[in-house]
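The values are calculated or read from the model by the stated rules, or taken from the named source; none is laboratory data. This structure is a prediction, so every number in the text was calculated from the model and none was measured. Using ideal geometry, Cβ is built from the backbone for each residue, glycine included, and neighbour counts are taken over all protein chains shown.
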């Protein structure tokens, strides 16, 4: 959280790129982000990163500053966005590199504004 506050308040950043699949506890950095041998469930080893309690303060700080979060999310992680967009409606969420494989109806519950 303190880093988000620093970059927004002191450096004038308006948002951050966030890659839910890139957070791998104990996984070497040379591992490809969707290597199914490492990610048998398709979800990052730390769990659903957008839902983890220790990230709430960061998202609270970004929302309080009217910030933007750009997400690169493959199919298994994309459904976390619904949770995050509802919990922090004051954040502008940009979905970039949305995965193929899910029918468009799977995204119907994500609020658009």
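Of note:
- Selection status of residue 50, assigned to a strand (DSSP E or B), crowded, with 16+ Cβ neighbours inside 10 Å and at pLDDT 65 or above: no
- The residues in region 2-16 that are more than 18 Å from residue 54 (Cα to Cα) and touching a strand residue (DSSP E or B) at 6+ places or on another chain (Cβ under 8 Å) can be counted, and the count is 3.
- Residues of region 1-37 classified as modelled with pLDDT of 60 or more, assigned to a loop (DSSP other than H, G, I, E, B) and loosely packed, with under 10 Cβ neighbours inside 10 Å, total: 2
- Filter result (closer than 19 Å to residue 19 by Cα, in contact with a helix residue (DSSP H, G or I) (Cβ under 7 Å, 6 or more places away or on another chain) and either assigned to a helix (DSSP H, G or I) or at pLDDT 90 or above (or both)) within region 82-113: 83, 84, 88, 91, 93
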